[in-house]
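All remarks here apply to the structure that follows.
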Amino acid sequence: MVQGIPRRLRRVKIDLHAHSAISDGTDSPAGLVAAAAAAGLDVVALTDHDTFDGLPEALAAAGAAGVRVLPGIELSAEAGGVSVHLLGYGCRADDSALLDELALIRRGRSGRIPAMLAALAALGMPLDAGLLARVSGNATSIGRPHLADALVAQGYVADRTEAFDKYLADDGPAFVPRYAAPLESAIGLIRAAGGVAVIAHPWGRVSRGVLPEHYLAELAGRGLDGIEVDHNDHDPATRDELRALAGRHGLLVTGSSDYHGLGKRDHGLGVNTTAPEALAEIDARIAARG
Ligand code: AMP
Ligand code: MN
Ligand code: MN
Ligand code: MN
């Protein structure tokens, strides 16, 4: 129940994109599920970057919390050398081709860290490797947000946003690129693992230029299931455009918070949601592909 309204009398609340501290969120997987219950969500998808490692704990916590956890992932892909994030729902977590690709991406993630530490040191901000390990906790997918947290802990910047704005963004002085899966092959991997493929924040910060309508239409013909429309990185006009585009090309529409706990304070759980009809279609496709 939320605010005294019986569950059967209100619309089901669904958030299909959230991170735990196994990647760059700040809640443990079980903590994320508890936070979802506290936010009045009925369904939350755990979509850590490039790892399934948080799923067992989140799924184990779901029953007692009264929240359904949809297993997901946010895969690091690229189109034309530009970063594109691909959400996968309901993938078989033991699919060896997908697991091999995830391992390759995570190796790229950790492999770039020494070069980024060197760049930060050259900028006058040496960081202790032990400090980085401490702020990373038990994350198995390491990213720039962990470097940002180390910069904060060392007192060089006030928060993650300042760290990205000044140093870590794709055009920042401490940025070092890393391996990501070519987008069409990433869609193929998700589909071959029985999953549903949805492009995250397609017209957000970086990827709009490489995802024009004609290419999204082409991808719809090659196995892409949907696009994330309602996301904080899209303004209202962009959401309207993307919703119409999805309608023209038979793509599913999702909405979600992209919750990162304390890592992105304006991305609170449930700030954007997915329609129950869209989740029903995602469930039907997962069942059909299983
Ligand atoms: P990486 O995975 O190492 O490429 O880092 C990208 C991650 O950094 C994204 O998943 C976001 O969670 C986070 N991020 C990107 N830009 C910003 C920003 N301006 N402020 C805070 N976090 C950001
Ligand atoms: Mn992230
Ligand atoms: Mn993303
Ligand atoms: Mn995300």
Each residue of the range 264-274 in order: what ³J(HN,Hα) in whole Hz does its phi give by Karplus 6.51 cos²θ - 1.76 cosθ + 1.60, θ = phi - 60°, with x for Gly and Pro? 8, 5, 8, 10, x, 3, x, 5, 10, 9, 10
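Using only helices, what value at 222 nm comes out for the chain when you add -39,500 (n - 2.57) per DSSP H run of length 4 or more and divide by the total residues, to the nearest 500 deg cm²/dmol? Before the final figure, lay out the partial values.
Values: 11 runs with 115 residues, N = 290.
Helix contribution divided over all residues of the chain: -12000 deg cm²/dmol.
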Check: C-alpha center the range 157-179 vs C-alpha center the range 56-104, spacing in Å is 25
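Around ASP233, what is the net charge, scoring Lys/Arg as +1 and Asp/Glu as -1 over all other residues with Cβ under 11 Å from its Cβ?
Working: positive: ARG205, ARG208, ARG239, LYS264; negative: GLU228, ASP230, ASP235, ASP258, ASP266.
Neighbourhood net charge equals -1.
How much of the pair distance distribution for the range 85-127 lies past 18 Å, counting alpha-carbon pairs only, in percent? Please report the intermediate quantities before stating the final value.
Values: 445 of 903 pairs.
Above the 18 Å cut-off, the range 85-127 has 49 percent of its Cα pairs.
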Any residue on another chain or 5+ positions along whose placed amide H is under 5 Å from the amide H of ALA93 is listed here as none
Per residue convex hull volume, Cα atoms of the chain, in Å³: 129
Considering only DSSP beta bridges where both residues belong to the chain, give the percentage that are antiparallel (nearest 5). 45
For ARG10, put the label point 7 Å out on the Cα→Cβ axis and report which residues of the range 250-283 keep their amide N under 11 Å from it. none
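Under DSSP H, which helices of the chain have Cα atoms covering 18 Å or more of the helix axis and a Kyte-Doolittle average no less than -1.0? Intermediate values should be presented prior to the final figure.
On the way: long enough: 96-111 (22 Å, 0.03); 236-249 (20 Å, -0.96); 276-289 (20 Å, 0.05).
The answer, listed by residue number, is 96-111, 236-249, 276-289.
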What does the charge dipole of the chain about its Cα centre add up to, to the nearest 20 debye, if the Cβ of each Lys and Arg holds +1 and the Cβ of each Asp and Glu holds -1? 380
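Per residue, what volume in Å³ does the convex hull of the Cα atoms of the range 237-290 enclose? Spell out each step's value before the answer.
Details: hull volume 5.8 nm³, N = 54.
So the per-residue hull volume is 107 Å³.
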What are the residues whose amide H is under 5 Å from the amide H of VAL84, where those residues sit 5 or more places off or on another chain and H is modelled from the backbone? ALA77, GLU78, ALA79
Hey, could you get me the Stokes-Einstein D for the range 1-146, Kirkwood radius over alpha-carbon pairs, 4 °C and 1.567 mPa s, rounded to whole µm² s⁻¹? 77
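Each reported figure results from applying straightforward, stated rules to the coordinates on display, with no laboratory input. Everything numeric in this text was worked out from a predicted model, so none of it was measured. As a convention, Cβ positions derive from the backbone with ideal geometry for all residues, glycine included, and neighbour counts pool all protein chains shown.
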